[in-house]
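Heads up: the structure comes next, in structure tokens.
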Amino acid sequence: MSSRILQVKNGEAVEARAVPRLSVDDLQGLVADVVTAGGRVAALYGREEAGELLVTAVLPNDREGTLGLLSAPVTKEWPSLAPECPAVQLFERELAEQYGVVPRGHPWPKPVRFEHRLGGAGPDAFGREGPRADIPGGYPFFAMEGEEVHEVAVGPVHAGIIEPGHFRFQCHGEHVFHLEIVLGYQHRGAEGMLVGGPTARTVSLLESVAGDTAVGNALCHARAMEGLAGVEVPPRAAALRAVALELERLANHVGDLGALATDIGFLPTASYCGALRADFLNALAEICGNRFGRGLVVPGGVRFDLPSDAAARLAGRMEEAFSRVEDAAGLFFDSPSSRNRVDGTGVVPKETAQALGLLGPAGRASGLQVDARKTHPFEPYSSATLPMVTLEAGDVHARARIRFDEARASAAFVVQVLRQLPEGPVRAPCPAPRPGRLAVSLVEGWRGELVHAVTTGADGRFARYKLKDPSFHNWMGLQLALRGEQISDFPLCNKSFNLSYCGYDL
Amino acid sequence: MISILRTRLRLGSQTIAYPDGPARFPERFRGRPALDAARCKAGCAECAAVCPTEAVGGAGTSDLSIDLGRCLFCGLCQEACPEGAIAFGRDYRLAARTREELVARGDVPLLAQALGAEMQRVFGRSLKLRQVSAAGCNGCEAELNATGNVQFDLGRFGVQFVASPRHADGVVVTGPVSENMLTGLRKTWEATPAPRLLIAVGACAISGGPFAGSPVCRDGAVGAIDGVPVDLFIPGCPPHPVTILDGLLRLLGRVQGNDLRLTGTGIVAAEPAR
């Protein structure tokens, strides 16, 4: 088996041609074996090599800290693996949309994000060519029949300041039988625009793939680039990047706790967390001038150093800021009226979470041991004592509590790293990527594991830049969480996942 | 209840002093750039070469400019310039009424002009806005949301984001306007009763930002809705909440001052007329 799968480390580059080429049967068999044994699929995507489409799988071994790479040439169609492995259903749909590969026997063959073909010519696997009919008009919704069943359609423009998406509920009164979520409104053609890079725009574009995960994606990119160029970043740069990644996590987790409180009308936590979130955003701005950490992380290191005395002052302020979060969020968890709304609401059982391959806080709230900071670490995470926080309940409360607990751990980590910043430079030269190589980079962003799988062509330019936000897996989790719930609990369930629309739509 | 009150006391009032007092920014905050074209060396284009969004114009000439509508305020041009001709300062006042006014030259800011007297009378004390994210990355959306929180508290000026375009006096667009969201944006605009305003927030909505030239986007809100001009541009990637506040309040004629007072910790609009 080992010779049929190439094992690499997170961020390590290999010759693209060294990735084993198997038959479709063998590749699917190995993917199925890994999933059956409790493993997961980090990516299953298409890339073209010498005019041939190679479906490439990234199978992480979370115990060994390695990534298994394998590929198979595919032409127009292949048998769908989704009935056996639900976790790959969306990957297969993406292959159909991007390369026209029809997954024969797929139980749910629908468009992913209404994008145009990336490779090949002619109509895509859904028979579409040229300009798209409007979504959601052009989407085959699942519909229930029955005199008293009714549909509720929400979006793409929602009530608040939120990204667009369409939600279609099949209801009986308040009771939700089924929720189907259609995305694609945010599609900007990011993967296509990255081909031919790196250019002066590459980093900014990646920071905008999901603007709330700017640090996460910039770091994931930088680590892939460093792998492709074969350089190590200085320890001080690695430390500052981790601080930024955790500040991004803190800002979002704290903001999410406030947003959850907003959705149940628990105003004290809503107001305080909304304001306290700014302490972490402002800390990022203090380091790099931008509240979302844009422009900080670059291949080779970081663009801004933090003098050690400023770092020590920042550590003190972060300690104080999180103690305020303890107060503000503590109110939410101690209040019977808020607990009444969140306990037992929107449950995703562990088996379901496992089958779907849920990631990040959503996966960990259902008991999955998924955290790339622990399973595929790089410095300073490999030598840190950051705990993997998991809960079993899989309900809204668990997804809220996970954020609180993780934020606490992140705050402690940030303070510790800031107080012991290694000396030295914060940037090393990062030469152009070597030609004909492939690197897969994993970073645990605040929503879960980000994947950048980058291949360079013979000219050293990006031939394929595959992006994956954890939301790619987790949107299905939200759909299943709603089954059997009341439709009035949708905002709460939605906020407890708080998934990325643009990260999914790319 | 006691714990709620205790927390309330501990956290105190969170609302910023702006516009009556200082709006504070960290030292490294990058606001409006000051340009000194006299320092440009003929033939040098290092700033333009590193710019992610082709925002720098006239590099190496006496007509050096930065299109704030394209600018991501990353500061790479300043870093690259060997002559110190570009300096991003902390002037957060970036909004403009026309696309041309967004092109910054020299070091004198062009500030957004207020609406005409009649529109000021209609919207000056109550402006309700509907936000449409048309492929925005959730950066601008997050900062627009932040303007409503207890810190920036847009509501104290009678400005509010509402749930339905039927309740709105204008539409705030973020994102480069994707093909897939074009219908949604147009329908939202059509559902908004006139008189109405169209406001573009962030580099993407103004010029496409990092997605300029994408085959599946429209390079922002300009021209996205047939025959509808943009009434206010608020640049940034994303714009700071105070930049958004400043743009909206200038549009409504509720902040007019032109003086800036620099302090150790931030910039103060000296005497904003309210």
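Assessment of the stretch A:290-302 against the conditions (open to solvent by less than 30 Å² (accessible area, probe 1.4 Å), within 11 Å of chain B (Cβ to nearest Cβ) and of a type in the set (F, W, Y)) yields at least one matching residue. The residues on offer are B:L182, B:L154, and the sole one that is at pLDDT below 95 and more than 22 Å from B:D219 (Cβ to Cβ) is B:L154.
The residue of the stretch A:150-170 that is farthest from A:C502 (Cα to Cα), among those that are surrounded by 14 or more Cβ atoms within 10 Å (Cβ to Cβ) and away from chain B (no Cβ under 11 Å), is A:Q170.
Here B:V50 fulfils each of the conditions (1) among the hydrophobic types (A, V, I, L, M, F, W, C); (2) open to solvent by less than 40 Å² (accessible area, probe 1.4 Å); (3) within 19 Å of B:C237 (Cβ to Cβ) apart from (2). Residues in the stretch A:257-277 that are open to solvent by 10 Å² or more (accessible area, probe 1.4 Å) and either small (G, A, S) or within 13 Å of another protein chain (Cβ to nearest Cβ) (or both): A:A259, A:T262, A:G265, A:F266, A:L267, A:P268, A:A270, A:S271, A:Y272, A:G274, A:R277.
One residue is enough: does the stretch A:376-384 have a residue meeting the conditions touching a Phe, Trp or Tyr at 6+ places or on another chain (Cβ under 7 Å), among the hydrophobic types (A, V, I, L, M, F, W, C) and surrounded by fewer than 23 Cβ atoms within 10 Å (Cβ to Cβ)? Outline the logic, then answer.
Residues of the stretch A:376-384 that are touching a Phe, Trp or Tyr at 6+ places or on another chain (Cβ under 7 Å), as a first pass: A:384.
Within this subset, residues satisfying the condition of being among the hydrophobic types (A, V, I, L, M, F, W, C) are A:384.
When the remaining residues are screened for being surrounded by fewer than 23 Cβ atoms within 10 Å (Cβ to Cβ), the result is A:384.
So far as the stretch A:376-384 goes, yes, one or more of its residues are touching a Phe, Trp or Tyr at 6+ places or on another chain (Cβ under 7 Å), among the hydrophobic types (A, V, I, L, M, F, W, C) and surrounded by fewer than 23 Cβ atoms within 10 Å (Cβ to Cβ).
If you go through the stretch A:66-100, how many residues are β-branched (V, I, T) and more than 24 Å from the chain's Cα centre (by Cα)? Lay out the reasoning, then the answer.
Pass one, the stretch A:66-100, residues β-branched (V, I, T): A:66, A:74-75, A:88.
Applying the additional criterion that residues be more than 24 Å from the chain's Cα centre (by Cα) yields A:74-75.
Qualifying residue count for the region: 2.
Count of the stretch A:488-506 residues, restricted to those that are open to solvent by 30 Å² or more (accessible area, probe 1.4 Å) and either at pLDDT 95 or above or within 14 Å of another protein chain (Cβ to nearest Cβ) (or both), is 3.
Taking the stretch A:470-487 as the range and being outside any helix (DSSP H, G or I) and open to solvent by 10 Å² or more (accessible area, probe 1.4 Å) as the test, the residues that pass are A:R483, A:G484, A:E485, A:Q486. The condition of being within 11 Å of another protein chain (Cβ to nearest Cβ), more than 30 Å from A:R461 (Cα to Cα) and either modelled with pLDDT under 95 or surrounded by fewer than 16 Cβ atoms within 10 Å (Cβ to Cβ) (or both) holds for only one of A:G137, A:G184, A:G173, that being A:G137.
Applying the criterion of being touching an Asp or Glu at 6+ places or on another chain (Cβ under 9 Å) and part of a loop (DSSP other than H, G, I, E, B) to the residues of the stretch A:175-195, the residue that is nearest to B:E143 (Cα to Cα) is A:Q186.
In the stretch B:77-90, is there at least one residue being away from chain A (no Cβ under 14 Å) and farther than 27 Å from A:L205 by Cα? First the steps, then the outcome.
Within the stretch B:77-90, the subset away from chain A (no Cβ under 14 Å) is B:81-86.
Filter once more, so that each one left must be farther than 27 Å from A:L205 by Cα: B:83.
Yes, the stretch B:77-90 contains at least one residue that is away from chain A (no Cβ under 14 Å) and farther than 27 Å from A:L205 by Cα.
Here are some residues: B:P210, B:P238, B:P193, B:P229. Which one is assigned to a loop (DSSP other than H, G, I, E, B) and within 9 Å of chain A (Cβ to nearest Cβ)?
Values: B:P210 fails: assigned to a loop (DSSP other than H, G, I, E, B); B:P193 fails: within 9 Å of chain A (Cβ to nearest Cβ); B:P229 fails: within 9 Å of chain A (Cβ to nearest Cβ).
Residue meeting the stated conditions: B:P238.
Which of the residues belonging to the stretch B:15-58 are over 30 Å from A:A275 (Cα atoms), more than 13 Å from chain A (Cβ to nearest Cβ) and either part of a loop (DSSP other than H, G, I, E, B) or in contact with a His (Cβ under 6 Å, 6 or more places away or on another chain) (or both)? Spell out the reasoning first.
From the stretch B:15-58, those over 30 Å from A:A275 (Cα atoms) are B:34-58; that's our starting set.
Among the residues that remain, those that are also more than 13 Å from chain A (Cβ to nearest Cβ) are: B:34-44, B:57-58.
Passing the criteria: B:D36, B:C40, B:K41, B:A42, B:G43, B:C44, B:G58.
Consider B:D91 against the criteria (1) touching a strand residue (DSSP E or B) at 6+ places or on another chain (Cβ under 9 Å); (2) over 22 Å from B:G208 (Cβ atoms); (3) free of Cβ contacts under 8 Å to residues at least 60 places away in the same chain: it satisfies all of them except one. Which criterion is unmet? The failed condition is (3). For the stretch A:319-334, indicate whether the set of residues that are in contact with a Phe, Trp or Tyr (Cβ under 8 Å, 6 or more places away or on another chain), within 8 Å of chain B (Cβ to nearest Cβ), assigned to a helix (DSSP H, G or I) and within 21 Å of B:G139 (Cα to Cα) is non-empty. Within the stretch A:319-334 (the criterion being in contact with a Phe, Trp or Tyr (Cβ under 8 Å, 6 or more places away or on another chain), within 8 Å of chain B (Cβ to nearest Cβ), assigned to a helix (DSSP H, G or I) and within 21 Å of B:G139 (Cα to Cα)), the answer is no, since none of the residues qualifies. For the stretch B:118-132, the condition of being open to solvent by less than 50 Å² (accessible area, probe 1.4 Å), of a type in the set (A, V, I, L, M) and within 14 Å of chain A (Cβ to nearest Cβ) holds for at least one residue. For the stretch A:67-80, a tally of residues being modelled with pLDDT under 95 and within 21 Å of A:P470 (Cβ to Cβ) returns 0. Looking at the stretch B:207-223, can you tell me whether even one residue there is closer than 26 Å to B:H167 by Cβ, crowded, with 24+ Cβ neighbours inside 10 Å and out of contact with any helix residue (DSSP H, G or I) (no Cβ under 6 Å at 6 or more places or on another chain)? No. Restricting attention to the stretch A:206-222, does a residue exist that is farther than 30 Å from A:A365 by Cβ, in contact (Cβ under 8 Å) with a residue 40 or more places away in the chain and open to solvent by less than 10 Å² (accessible area, probe 1.4 Å)? No, that holds for no residue. Close contacts from the stretch A:36-65, counting a first residue that is farther than 24 Å from A:V102 by Cβ and a second that is hydroxyl-bearing (S, T, Y) and assigned to a loop (DSSP other than H, G, I, E, B), with Cβ to Cβ under 8 Å and a gap of 6+ residues or different chains, come to none at all.
The values are calculated or read from the model by the stated rules, or taken from the named source; none is laboratory data. Nothing here was measured: the structure is a model prediction, and the numbers come from that model. Every residue, glycine as well, gets a Cβ built from its backbone with ideal geometry; the counts of neighbours run over all protein chains shown. These accessible areas exclude ligands, DNA and RNA; they are computed on the full protein's heavy atoms, side chains included. Shrake-Rupley method; radii C 1.70, N 1.55, O 1.52, S 1.80 Å.
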